[in-house]
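Once you've had a glance at the structure underneath, I'll fire off some questions.
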Amino acid sequence: MTALAPPATAPDAGRSEEQRFLAFLESQQRILYKIAYIYCRDAEERRDLMQEMAIHLWRAYPSFEGRSAPTTWTYRVAVNVAISYRRGQGRRLRETLPLDFATDVADQAFAPPNEQTQRLHALIETLDEMSRALVLLYLEGFDHGEIAALLGISASNVSTRLNRIKAKLQAEHDLIKDDAP
Amino acid sequence: MTLDDIRNEWRARDEALQAKLAQQSAMLRDAMIERHLEKLRRQGAMSPFSMAVWIAFMACFGLFLAANWGRWEFFFPALLLQIWTVAMGALTFIEHERLRSVDLSAPVLEIQRRLAALEAERARAFQWAFLTGQVLWWIPFTIILFWGLFGVDLYRLSPFMTQFIAVNVAVGLAAIPILLWLSRVFGPRLARAKRGRALLGSVTGRDLAQARAFAERLAQFVAKA
């Protein structure tokens, strides 16, 4: 995973905090899209969730001190927003940010390439919110330790949960086989 | 299909997504550039009014020259004014073409550097236009205006007038090196001040100001992409 420079760097000198955040948000939109993709089947819902995530990132931005990589921070905030969104917790925020993201283009480019993948996504949709987060972060290439840090659970908990998810998916569909030791 | 296979497939889809979004961004950039170029093409080097005034002055000077061949005391000032007028108009067209020829598909920093160079060139051109114009458009212009419109020969109006003409032309010519020295000393400070920048924008032309604003928008767009 490549880390980007922290939000406030020398080239940002002279720009307002809002401008810096919007530039940062532009670089993170692909991540927000993939998170929304895992949590929402409907394109309109994905756009709503992306807005929610963007607003929460904006609100949390002043307190981001660069202790973690910017992408890691984005995942941490955005995945928690997505979990709450699916659980229906918290009120929907009415503010909007200028998210200049072509979700229709992204939907086309990111569409499942075959029926097997489509079935897999249908199965992922049957998982609870935390399990979806685990699957997403695993697919994004994070190791168990990183996933644990992002979700605030232990690494052994991550391993256990991922094994359970694999077993569940295996039981429900022949798609997933045991990983080689 | 193992979980790793699924992860690899996810990564491939992500790469396809990234490529598609980059392509989209490139298309948007091209569309932005095309819109700006279209605007520049429609604008033209001079407004219709400016063009009409320029042509009118050239025509008037031309007629005056034709009518005053042999009367060198009137012919030469008019000739200088005609040369100045033609040169200023030609310079306007050349500057506009140079702006249009800036390669907007080049890296943004290169575009901004090129526009800054054009701005400096236009500022220098304006400086020389002003320095020479302040000599030509005072006494020489007044002489041919009075002769051309009223038939009054200012050279022979009175002995004082002859001295007045000579002193004013001399002062105008002497002012050139002084003003050049002042601009070298105070110019950089003025260029950094807000009012100085506003003045620079007004003398270097609206089309260049628009081009610089466009380059700034393009820089922001590219930074986001």
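Quick note: the coordinates plus some simple rules give every number you see, no bench work behind them. This structure is a prediction, so every number in the text was calculated from the model and none was measured. Note: ideal-geometry Cβ built from the backbone for every residue, glycine included; neighbour counts use all protein chains shown.
Under a plain spin-label model, where a point goes 7 Å from the Cα along Cα-to-Cβ, how far apart in nm are residue A:43 and residue B:31?
1.5 nm
So, one more: In whole angstrom, how far apart do the alpha carbon centroids of the range B:149-193 and the range B:201-224 sit?
The range B:149-193 and the range B:201-224 have Cα centres spaced 36 Å from each other.
Expressed in nm to one decimal, what extension gain is obtained for the pair residue A:111 and residue A:65 from 0.36 nm per residue of sequence separation less their Cα-Cα distance? Let's see the in-between values first.
On the way: separation 46, 0.36 × 46 = 16.56 nm, distance 3.57 nm.
Length difference between fully extended and current span is 13.0 nm.
P(r) of the range B:1-113 in 10 Å steps, Cα pairs, percent per bin?
11, 22, 17, 15, 12, 8, 6, 4, 3, 1
Build a GNM of chain B with springs between Cα atoms under 10 Å: which of B:187, B:201, B:148 gets the top mean-square fluctuation?
B:187
Which whole DSSP H helices in chain B pass both tests: a Cα extent of 30 Å or more along the axis and a mean Kyte-Doolittle value no lower than 0.5?
Result, helices passing both filters: B:72-100, B:159-192.
Stokes-Einstein at 37 °C, 0.692 mPa s, Kirkwood radius from Cα pairs: D for the range A:16-111 in µm² s⁻¹? Provide the component values of the computation, followed by the final result.
Values: Rh = 13.6 Å.
It comes out at roughly 242 µm²/s.
Please average, across the residues of B:4-17, the number of beta carbons from any other chain that are within 10 Å of each residue's own beta carbon, and give a whole number.
Values: counts 3, 5, 10, 5, 1, 7, 10, 3, 1, 9, 9, 1, 5, 11.
Rounded to a whole number, the mean comes out at 6.
Given Cβ point charges of +1 (Lys, Arg) and -1 (Asp, Glu) and nothing else, what value in debye, to the nearest 20, does the dipole of the protein assembly as shown about its Cα centre take? Working shown, then result.
On the way: 49 positive and 43 negative charges, 291 e Å.
Roughly 1400 debye, rounded to the nearest 20.
Whole angstrom only: what separates the Cα centroid of the range A:36-58 from the Cα centroid of the range B:21-95?
Answer, in whole Å: 54.
Using a Förster distance of 35 angstrom, determine the FRET efficiency expected from the C-beta separation of residue B:55 and residue B:168, and round it to 0.05. Write down the numbers at each step before the final one.
On the way: r = 29 Å, r/R0 = 0.83.
It comes out at approximately 0.75.
Counting only chymotrypsin sites (Phe, Trp or Tyr not before Pro) that sit in a DSSP loop (anything but H, G, I, E, B) with at most 16 other Cβ atoms within 10 Å, what is the longest stretch of chain B containing none of them? Working shown, then result.
Details: sites that count: B:69, B:137, B:138.
Longest gap between qualifying sites, sites excluded: B:139-225.
Calculate how large, on average over all directions, the projected area of the Cα convex hull of the range A:112-181 is; give the answer in nm² to one decimal.
Working: hull surface 19.7 nm².
Quarter of the Cα hull surface area: 4.9 nm².
Also: Calculate, axis by axis, the spread of Cα positions in the protein assembly as shown along the three principal axes, and write the results as whole Å, longest axis first.
Principal-axis extents of the Cα atoms in the protein assembly as shown, largest first: 114, 40, 40 Å.
For the pair residue A:126/residue B:130, report the inter-label distance in nm, with labels modelled 7 Å from Cα in the Cβ direction.
7.9 nm
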